[in-house]
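Here, each number is a calculation from the coordinates, and none is a lab measurement. Predicted, not measured: the structure shown is a model, and the values here were computed from it. Note that each Cβ is placed from the backbone with ideal geometry, even for glycine, and that neighbours are counted across all protein chains shown.
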There are 4 protein chains.
Amino acid sequence: MARVKDPAKIDRLFEAALRHVLETGYAGLKMAEVAREAGVATGTIYTYFGGKADLINQLYRHLKQQKMEAIMQEHDPEAPLTQQIKLLWTNYFRDALGAPVRNHFIRQYEYSDLLDEESRKLHKNSYKPVYALLEKAKRAGLIRQLPVDTMTAFLIGGANEIAHQGFGQQIDLQEQDIERCYQLAWGAIKQV
Amino acid sequence: MARVKDPAKIDRLFEAALRHVLETGYAGLKMAEVAREAGVATGTIYTYFGGKADLINQLYRHLKQQKMEAIMQEHDPEAPLTQQIKLLWTNYFRDALGAPVRNHFIRQYEYSDLLDEESRKLHKNSYKPVYALLEKAKRAGLIRQLPVDTMTAFLIGGANEIAHQGFGQQIDLQEQDIERCYQLAWGAIKQV
Amino acid sequence: MARVKDPAKIDRLFEAALRHVLETGYAGLKMAEVAREAGVATGTIYTYFGGKADLINQLYRHLKQQKMEAIMQEHDPEAPLTQQIKLLWTNYFRDALGAPVRNHFIRQYEYSDLLDEESRKLHKNSYKPVYALLEKAKRAGLIRQLPVDTMTAFLIGGANEIAHQGFGQQIDLQEQDIERCYQLAWGAIKQV
Amino acid sequence: MARVKDPAKIDRLFEAALRHVLETGYAGLKMAEVAREAGVATGTIYTYFGGKADLINQLYRHLKQQKMEAIMQEHDPEAPLTQQIKLLWTNYFRDALGAPVRNHFIRQYEYSDLLDEESRKLHKNSYKPVYALLEKAKRAGLIRQLPVDTMTAFLIGGANEIAHQGFGQQIDLQEQDIERCYQLAWGAIKQV
DNA sequence: TATGAATGAGCCTTCATTCAT
DNA sequence: TATGAATGAAGGCTCATTCAT
């Protein structure tokens, strides 16, 4: 009988929230504006979300999940390790440049104390497959014998930096540019 | 004849503002709280700063200048290029880890539209010496033949990433850790 | 589907604003107090008015329109000119004494730079019918051959002065007093 | 030994206060701005005046006294009554047009509750000579047999109105204009 | 006496949230 | 469930007054 919650509204609310929260920050984000841009009444947000903090947390988890899926795209655990590393790095890089707003948001809130328990858990788990892969590669002597989190930092640091620098601009990398960038990243961690 | 403006107040206001703005964001930063923590009355802030935006801009320039000085510390333009690069990178890395709050703040506002003209100019100029150095190294065939901004991204990306991950935690790197990290960074850009 | 805007609130806000603005002046008028006296929350004012300046402008136009209607009450453009003048003057006088607060407010803000374009236009237009009537009377030789704005000043000056002096007191003029006062006003402008 | 209060500063403070209080109202008047325009430090005002209210009261009395002197200029209690009335009216009119700012200020605060006892007393006394003169003229059958305050209202109302309308503009009345205006005023009260 | 930095109460306005419809 | 008017707490900034110099 009663109308049911409308998933399309949630998406529109997510979009509107994301569009603004990076420009204004959490405290500057206006619920009324999010509502207006999503085409719903102010009060309606509270049917879908517990409040501002909940909206941001749900948005975080929504985007984080998208990003994790993007990175694991076509991943084959049976493939050679170097190939797996390259695929994951390339996925990460493409995603960082292709969805800079989403990635900027995730980085911004990753370590903020706005995130609730559930969001934090998701974040923590997101590193696991990468760390596991690098541990294998270490044992295989393919990469340097350094802590995996350090090497991860250098792998994704360059990608994040380029995304950060190009934030707001149109970036149009060719396949060969990606290949070159990967060589930089790989040059950093590969066993010498 | 009257009380004279007290520069120490400015420093205390800077400290208090920095301490809070990263936790709360610009919109969440409360002038009254900054004042209270700096040990002055609310209104006193406005004797030293034009308002919230001006406080943040002056803070940005203050910290950016500190960072630029830290990076150029002991820099010798006559030294061998590889040595110069290593010194600058090491300075950058030490600073990123040693003053994570300051660096986080700078990165946060670097591309925000809160920065005024003067602040933007400072930011723009900050890259010049590094780019110039890398151009020389490229011509000397010491590093890859890639755009200097791309290589810069991979140089500082790892450092930023580690600082970002370790934000809020106590990081205690040994000299040899720094050396190892530099090898990662240098491995990324060095001519193969 | 939601609560609907309540025009009665506007009236209550007008009343409260008028009650205070003459005592305190514009800068001294407190929005919170206006709201409290109107029986609404502070923020509610901003549902109906753009802010303090807008509240005062809308109040001005509201009262000015009331006053204009009061003056033109029962005006008959076909009636003899002297009769028209007498009617308008009497209406003006009755209104000045009967609604001294309203009239004081209008005079106070009439030439202030708080008035926006729309309010100024209203003010400007309000003189037109009186000036037109006096011009006709001049051509008919009924009144002195002097500029109509000068004569208008003497017509309404006495009325305003009495209202001004009696401001805050209870004035209870009899019909014959009004008649006598009109004789003073008419004595000033009538052709000798 | 100690320097003594400087009368020139008082004048400059009066001037600055008068210049602003009409534009902004009492609550909008800024002590710091008055001080700056008078060329003294903010705190110095408090050497000369007890505070904002005292500044305005002293200013009122200062200006009121100036005005009373201007009106009584060349007054000769032995002269014929009609001549005395004409002189006082003319003085009043010239003063209203010649010092519109001063007169506007006086009118504005005349009935405000900002005035202290001393100021109120001065105001009350200022009417006495005019009322006495009109009483004599009434007894002599020169003017209408109406209350003197009513007739006073019509005498000065026109003058005030013209000053009010011309407020802020340059008014340049010729001698003959003044004569004509007096005829209007006299026409109102003279015995018919 | 003069200065102007310092104080902090106070006010306009905003906006997350609630609730009558 | 959807709406948007209503609420009122909170924050940036101002400014009369004080006071150290």
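Below 15 Å, Cα to Cα, which aspartates and glutamates can residue D:52 reach? Residues fewer than 8 away in the same chain don't count.
D:15, D:33, D:113, D:116
Would you mind pulling out the separation of the Cα centroids of region B:26-47 and region B:114-147, in Å?
That distance is 36 Å.
What is the list of residues in region A:94-125 whose amide nitrogen lies under 13 Å from a point 7 angstrom out from the Cα of residue B:127, following Cα to Cβ?
What the label zone holds, given the 13 Å backbone N cut-off, is no residue at all.
Once every Cα of region B:1-49 carries one equal point scatterer and solvent is ignored, give the base-10 log of I(q)/I(0) from the Debye formula at q = 0.15, 0.16, 0.19, 0.26 Å⁻¹, two decimals.
-0.37, -0.41, -0.56, -0.95
State to the nearest 20 debye the size of the charge dipole of region A:1-124 about its Cα centre, where the only charges are +1 on K and R beta carbons and -1 on D and E beta carbons.
Approximately 240 debye in magnitude.
Classify region C:1-114 from the C-alpha gyration tensor, please: rounded if a/c falls under 1.5, else prolate or oblate depending on whether a/b exceeds b/c.
It comes out prolate by the Cα gyration axes.
Specify the angular offset, from 0 to 90 degrees and rounded to the nearest 10, of the alpha carbon long axis of helix D:148-165 from the longest principal axis of the alpha carbons in chain D.
Approximately 60 degrees, to the nearest 10.
When Cβ neighbours within 10 Å are restricted to other protein chains, what is their mean count per residue of peptide C:105-115?
Mean partner shielding for this stretch: 2.
Averaged over peptide B:55-63, how many Cβ atoms belonging to another chain are found within 10 Å of each residue's Cβ?
That works out to 0 on average.
Using only Cα atoms, tell me the angle between helix C:7-28 and the longest principal axis of chain C; keep it within 0 to 90° and round to the nearest 10.
Roughly 80 degrees, rounded to the nearest 10.
Test of understanding: in a Gaussian network model of chain D with alpha carbons linked when under 10 Å, which of D:32, D:70, D:96 would top the mean-square fluctuation ranking?
D:32
From the P(r) of region D:35-97, can you give the percent of Cα pairs sitting at distances over 17 Å?
It works out to 57 percent of all Cα pairs.
What number do you get for the protein assembly as shown when its Cα radius of gyration is normalised by 2.2 N^0.38 Å, N = residues?
1.44
Residue C:75 to residue D:46: FRET efficiency via 1/(1 + (r/R0)^6), r the Cβ-Cβ distance, R0 41 Å, to the nearest 0.05?
Rounded to the nearest 0.05, the efficiency is 0.15.
Calculate the mean, over all residues of peptide B:173-180, of how many other protein chain Cβ atoms lie within 10 angstrom of the residue's Cβ.
If you average over the peptide's residues, the count of other-chain Cβ atoms is 1.
Need one number: nm distance between label points at residue C:11 and residue A:65, each 7 Å from Cα along Cα→Cβ, rounded to one decimal.
Reported label-point gap for residue C:11 and residue A:65 is 5.5 nm.
Leaving out same-chain residues fewer than 8 places away, which lysines sit with a Cα under 18 Å from that of residue B:67?
Filter leaves B:86, B:121, B:124, B:128.
Taking the Cα centre of region C:56-107 as origin, sum charge times position over the Cβ atoms of Lys and Arg (+1) and Asp and Glu (-1), and report the length of that vector in debye to the nearest 20.
360 debye
Please name whichever of A:21, A:47, A:31 sits farthest to the positive end of the charge dipole of region A:1-49, dipole taken about the Cα centre and charges placed at Cβ: Lys and Arg +1, Asp and Glu -1.
Comparing the listed Cα positions along the dipole, A:47 ranks first.
At a Förster distance of 60 Å, what's the computed FRET efficiency of residue D:86 paired with residue A:94, Cβ-Cβ distance as r, to 0.05?
My answer for the efficiency is 0.05.
Taking one equal scatterer on every alpha-carbon of chain B, how large is log10 of I(q)/I(0) by Debye at q = 0.09, 0.14, 0.19 1/Å?
Debye output, listed in q order: -0.40, -0.86, -1.29.
Which Rg and Dmax, in Å, describe the Cα atoms of region C:89-192?
14.9, 42
Under 16 Å between alpha carbons, and skipping anything fewer than 8 positions from residue C:136 in its own chain: which aspartates and glutamates qualify?
Qualifying aspartates and glutamates at Cα under 16 Å: C:76, C:78, C:149.
Using 5 Å bins from zero, what percent of all Cα-Cα pairs in region D:139-190 falls into each bin?
4, 18, 24, 23, 14, 9, 5, 2, 0
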